[in-house]
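S.K.: Have a look at this one.
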Number of protein chains: 2
Amino acid sequence: MIADKIYAAFEEASQRNTRPRKLIAERLVELAQSGADFTIDDLWQELREGEPHLGRATVYRSVEMLVNARLLDRIEFADGSHHYRVCGGNHHHHHLTCIRCHRVVEVDVCLPVDQFAAIGNQTNFDIEGHSLTLFGRCEDCRTAKM
Amino acid sequence: MIADKIYAAFEEASQRNTRPRKLIAERLVELAQSGADFTIDDLWQELREGEPHLGRATVYRSVEMLVNARLLDRIEFADGSHHYRVCGGNHHHHHLTCIRCHRVVEVDVCLPVDQFAAIGNQTNFDIEGHSLTLFGRCEDCRTAKM
DNA sequence: ATGCATGCAAACCATTTGCATATCC
DNA sequence: GGATATGCAAATGGTTTGCATGCAT
């Protein structure tokens with residue numbers, strides 16, 4: 001069903017059902033199951049093992065579509081690097097990332113809703129969105145020497 | 001006094017009181033007063049008017065020191081661009097940015113503290129920090145045609 | 001057959017780095 | 001005088017773009 005959503009997103013964003021997109025979708029389904037996060041380069045390298053001519057740009061273009069379709073979350077690290085993660089695209093959530101290994105975990109915390117309204121009034125902005133990321137150190141990295 | 005803090009930060013980060021740093025500090029004091037946010041390139045261009053040989057790298061290096069000293073806040077936009085803002089380095093706050101004009105406003109909202117502890121327990125992470133940014137549309141941009 | 005998506009390579013752009021020189025102490 | 005910050009230019013790294021070709025429809 002996550003697979004269906006991905007295919008649906010591709011179909012909606014454009015019109016052709018191509019081999020590269022199939023490969024990307026398949027890999028993303030696996031990544032969705034493991035809950036793992038990845039960089040664009042990770043994804044490209046992995047896909048290239050089975051399809052040496054697959055272009056980097058194709059991966060960028062596909063990922064962009066899926067981010068727009070809210071099927072992938074883009075996570076920004078303090079060092080400027082980006083990771084991605086398959087997210088059902090359903091419930092509202094944010095991320096907690098490990099400072100050391102860059103692992104990403106979904107979390108449900110958020111600001112109380114009335115806060116948004118209050119800020120809107122106070123500043124005279126229409127609040128349209130927000131991003132919240134927590135930083136920490138995961139169990140493994142805490143145990144590791146440094 | 002913000003000026004003092006900036007000089008103190010430079011002194012602490014290294015040892016020399018150079019002309020480029022003086023110029024940077026002066027400009028930042030002005031920017032602190034107006035509360036305006038800026039990009040590194042903005043800053044460089046402005047400084048270059050009075051000091052044509054000032055190097056871009058010098059600005060990058062100085063800004064980095066001041067960000068580390070918590071005198072400048074780095075704000076990331078969704079499009080990946082970075083803006084900076086002089087912040088006293090005192091009270092905890094976050095930012096509200098205008099989607100259209102990129103104006104930046106400080107806000108005091110934050111997660112309730114107990115939430116952090118809860119998430120820490122739940123995920124087995126040591127929570128060390130967080131970033132929260134609100135996105136919206138400011139009054140001017142709402143009135144503007146698009 | 002038509003035209004969109006791809007692959008490739010070059011272009012981009014912000015940022016970093018190496019190094020000779022100028023500057024500060 | 002000796003060391004460090006600077007300026008410059010080149011390198012970097014992630015991402016985007018232009019274009020000829022291939023492939024899905």
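S.K.: Among the listed residues B:80, B:120, B:88, B:136, which satisfies the condition of being over 27 Å from residue B:43 (Cα atoms) and not charged (D, E, K, R)?
M.R.: Within the list B:80, B:120, B:88, B:136, the selection yields B:120.
S.K.: Just wondering, is there one or more residues in the stretch B:57-65 that are free of Cβ contacts under 8 Å to residues at least 40 places away in the same chain, within 13 Å of chain A (Cβ to nearest Cβ) and of a type in the set (Gly, Ala, Ser)?
M.R.: Checked the stretch B:57-65: no residue is free of Cβ contacts under 8 Å to residues at least 40 places away in the same chain, within 13 Å of chain A (Cβ to nearest Cβ) and of a type in the set (Gly, Ala, Ser).
S.K.: Take the residues in the stretch A:103-120 that are facing chain B (nearest Cβ under 9 Å) and loosely packed, with under 13 Cβ neighbours inside 10 Å, then tell me which one is farthest from the chain's Cα centre (by Cα).
M.R.: The extreme case among them is A:112.
S.K.: Which is of a type in the set (Lys, Arg) and under 30 Å from residue B:138 (Cβ atoms), of A:74, A:56, A:100?
M.R.: After applying the criteria, what remains is A:74.
S.K.: Quick check on the stretch B:30-49. Is at least one of its residues at negative phi, away from DNA strand C (no atom under 11 Å from the Cβ) and hydroxyl-bearing (Ser, Thr, Tyr)?
M.R.: Scanning the stretch B:30-49 turns up at least one residue that is at negative phi, away from DNA strand C (no atom under 11 Å from the Cβ) and hydroxyl-bearing (Ser, Thr, Tyr).
So that you can scan it fast, the table gives a plain yes or no per residue for (1) assigned by TED's automatic domain parsing to the domain that holds residue B:28; (2) touching a residue at least 40 places away in the same chain (Cβ under 8 Å):
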site: B:67; (1), (2): yes, no
site: B:80; (1), (2): yes, no
site: B:84; (1), (2): yes, yes
site: B:128; (1), (2): no, no
site: B:143; (1), (2): no, no
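S.K.: Would you confirm, using the coordinates I've provided, whether residue A:79 is within 14 Å of chain B (Cβ to nearest Cβ), away from DNA strand C (no atom under 16 Å from the Cβ) and out of contact with any Ser or Thr (no Cβ under 7 Å at 6 or more places or on another chain)?
M.R.: Here the answer is no, as residue A:79 does not meet what is asked.
S.K.: While we're on this one: What do you reckon, is residue B:100 out of contact with any Phe, Trp or Tyr (no Cβ under 7 Å at 6 or more places or on another chain), touching a residue at least 12 places away in the same chain (Cβ under 8 Å) and assigned to a strand (DSSP E or B)?
M.R.: No, not satisfied.
S.K.: Residues A:70, A:85, A:74, A:56: which one is within 13 Å of DNA strand D (Cβ to nearest atom), of a type in the set (Lys, Arg) and under 17 Å from the mean Cα position of the chain (by Cα)?
M.R.: Among A:70, A:85, A:74, A:56, only A:74 is within 13 Å of DNA strand D (Cβ to nearest atom), of a type in the set (Lys, Arg) and under 17 Å from the mean Cα position of the chain (by Cα).
S.K.: Tell me yes or no: at least one residue of the stretch A:36-52 is over 18 Å from the mean Cα position of the chain (by Cα), of a type in the set (Asp, Glu) and assigned by TED's automatic domain parsing to the domain that holds residue A:143.
M.R.: no
S.K.: Can I ask one more? Of all residues in the stretch B:121-146, how many are assigned to a helix (DSSP H, G or I), at the interface with chain A (Cβ under 7 Å from one of its Cβ atoms) and surrounded by 15 or more Cβ atoms within 10 Å (Cβ to Cβ)? Quick ask: steps written out before the conclusion?
M.R.: Residues of the stretch B:121-146 that are assigned to a helix (DSSP H, G or I), as a first pass: B:121-123, B:139-143.
Remaining after also requiring at the interface with chain A (Cβ under 7 Å from one of its Cβ atoms): B:123, B:139, B:142.
Checking which are surrounded by 15 or more Cβ atoms within 10 Å (Cβ to Cβ) leaves us with B:123.
Residues that pass the stated criteria total 1.
S.K.: Is it the case that some residue within the stretch B:86-96 is within 7 Å of chain A (Cβ to nearest Cβ), closer than 25 Å to residue A:117 by Cα and modelled with pLDDT under 90?
M.R.: Scanning the stretch B:86-96 turns up no residue that is within 7 Å of chain A (Cβ to nearest Cβ), closer than 25 Å to residue A:117 by Cα and modelled with pLDDT under 90.
The values are calculated or read from the model by the stated rules, or taken from the named source; none is laboratory data. What you see is a predicted model, and the numbers here were worked out from it, not measured in a lab. Using ideal geometry, Cβ is built from the backbone for each residue, glycine included, and neighbour counts are taken over all protein chains shown.
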